[in-house]
Structure formats: C-alpha cells, structure tokens
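Read the structure below first, then the notes.
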Amino acid sequence: MCNTPVSASISYSNGIRGKAVTSMEAELGKKVDLEDVKSKILNHFKVLFEVEDWV
C-alpha cells in the first residue's frame with residue numbers, strides 16, 4: 001500500500017498564467033495520504049455517475 005503524501009513539488013511550475021499553484025498539503029496545512037484521496041475521489045465518482053462497484 002502506498003503512503004505517499006499529496007505534496008508534489010511545485011517549484012518547477014509557473015502554473016497557469018495569472019493563477020497560483022499549490023498542493024493539497026499546503027492548503028490543508030497537514031500531510032494528506034494519497035490512498036485516502038484516491039478512495040474519496042472514487043467514492044464521489046461512483047455516486048455522481050451512479051456506478052456500481054467493479055473489480
């Protein structure tokens with residue numbers, strides 16, 4: 001299982017013109033587990049698109 005925090009380095013990025021670039025970790029002020037993020041996105045996707053569980 002991957003325990004990678006969602007804190008990608010953004011130092012290389014100039015972002016979108018006129019817009020700031022950030023990370024979930026910077027916005028939330030805490031470490032964010034990638035597996036937690038994946039799980040939440042998948043659950044919301046299933047609800048939004050009325051998708052049943054799949055393998």
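Any read-out appearing in this document is the output of simple, stated calculations on the displayed coordinates, not a laboratory observation. Fair warning: this is a prediction, and the values are worked out from it, not measured in the lab. We place every Cβ from the backbone using ideal geometry, glycine too, and count neighbours over all the protein chains shown.
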* Extension gain, GLU50 back to ILE16 (0.36 nm per residue minus Cα-Cα distance, nm) -> 9.0 nm
* Counting other Cβ atoms within 10 Å, keep those with at most 11, restrict to DSSP loop, and tell me which chymotrypsin sites (Phe, Trp or Tyr not before Pro) in the range 20-55 are left. => PHE49, TRP54
* Can you give the extra length, in nm with one decimal, that the chain gains between ILE41 and MET24 once fully stretched, where that is 0.36 nm per residue apart less the Cα-Cα distance? -> 4.8 nm
* Straight distance only, please: which lysines reach the Cα of LYS31 with their own Cα at less than 16 Å, same-chain residues fewer than 8 apart left out? => LYS40
